[in-house]
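Everything below concerns the one structure shown next.
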Amino acid sequence: MIMQQYKIVFGGTIGAGKSAAIRALSDTPVISTEAVNTDTQAHQKLLTTVGIDYGELSLEDGTKIGLYGTPGQDRFDFMWSIVCKGAIGIVILIDHSRVDRLKDLEFYLNVFSDLGSNIVIGITHIDQEHEQKLKIYREWMQIHQKSFPLFAVDARKQDDVLLMIETLIAQLEVQQEVSV
Ligand SMILES: Nc1nc2c(ncn2[C@@H]2O[C@H](COP(=O)(O)OP(=O)(O)O)[C@@H](O)[C@H]2O)c(=O)[nH]1
Ligand SMILES: [Mg+2]
């Protein structure tokens, strides 16, 4: 058996899930270089990778795959071509919660198709869609200093509608306790 060592690179915006994906795959403790994010405009996350994540995945046949996460910020993009040298494939992760997700896709595809031809795209944070949709309403209430319970509901689903009724009743009980 010939032991082969391959390399796969993860690219995408900050917070898209590159580090999480590598941690999820790696058989070995992931080596990450994290530093304080100075680019809070681009992302709120305080700790962000400005270096490279590295993990290793061993396949059943003994093939080892080195997993490399690229730094997400634009000012580190010169590193992408270095990291991609010799890679057998590139995973582009797109954060669905970002308003500019399609621009992100276009941007990362443009950059990484110049660095390799074997590419897959993963759309992340899709499971948080409800939360993302509610965000504007939460923000509105915050601005107007209101704090009413807010739910994403499907008005056709009994469980969803029932949750609102239960909340009303629970609130009523709390109010009555306060006033007694
Ligand atoms: N809910 C949810 N959280 C995710 C998803 N992907 C990543 N995360 C979380 O988003 C945060 C940012 O991910 P991270 O891997 O640090 O992003 P990176 O900057 O691309 O390395 C972490 O808290 C992850 O656990 C996803 O698909 N859904
Ligand atoms: Mg990271």
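Some observations on this one:
- Distance between the 7 Å Cα→Cβ label points at Glu60 and Ala20: 2.9 nm.
- The modelled label-to-label distance between Asp159 and Met141, using points 7 Å beyond Cα along the C-beta direction, is 2.1 nm.
- Cα gyration tensor shape for region 129-179, rounded if a/c is under 1.5, else prolate or oblate: oblate
- Links that overshoot a 30 Å alpha carbon limit, given the list Lys85/Lys135; Lys133/Lys157; Lys135/Lys157: Lys85/Lys135
- Listed by Cβ neighbour count within 10 Å, with the fewest neighbours leading, Tyr6, Tyr54 appear as Tyr6, Tyr54.
- For the chain, adding -39500 (n - 2.57) for each run of n ≥ 4 DSSP H residues and dividing by the number of residues yields -11500 deg cm²/dmol at 222 nm.
- The 3J(HN,Hα) values that the Karplus relation (6.51, -1.76, 1.60; θ = phi - 60°) gives for region 107-115 are, in residue order, 4, 5, 5, 4, 5, 6, 5, 7, 9 Hz. Gly and Pro appear as x.
- Estimated at 0.36 nm per residue, the fully extended path between Leu172 and Phe78 surpasses their Cα-Cα distance by 28.0 nm.
- The His96 and Ile119 beta-carbon pair, evaluated with R₀ = 25 Å, returns a calculated FRET efficiency of approximately 0.90.
A short reminder: the numbers here are calculations on the coordinates, not readings from a lab. Just so we're clear, the structure is a prediction, and the values are computed from it rather than from any experiment. Virtual Cβ from ideal backbone geometry, glycine too; neighbours counted across all protein chains shown.
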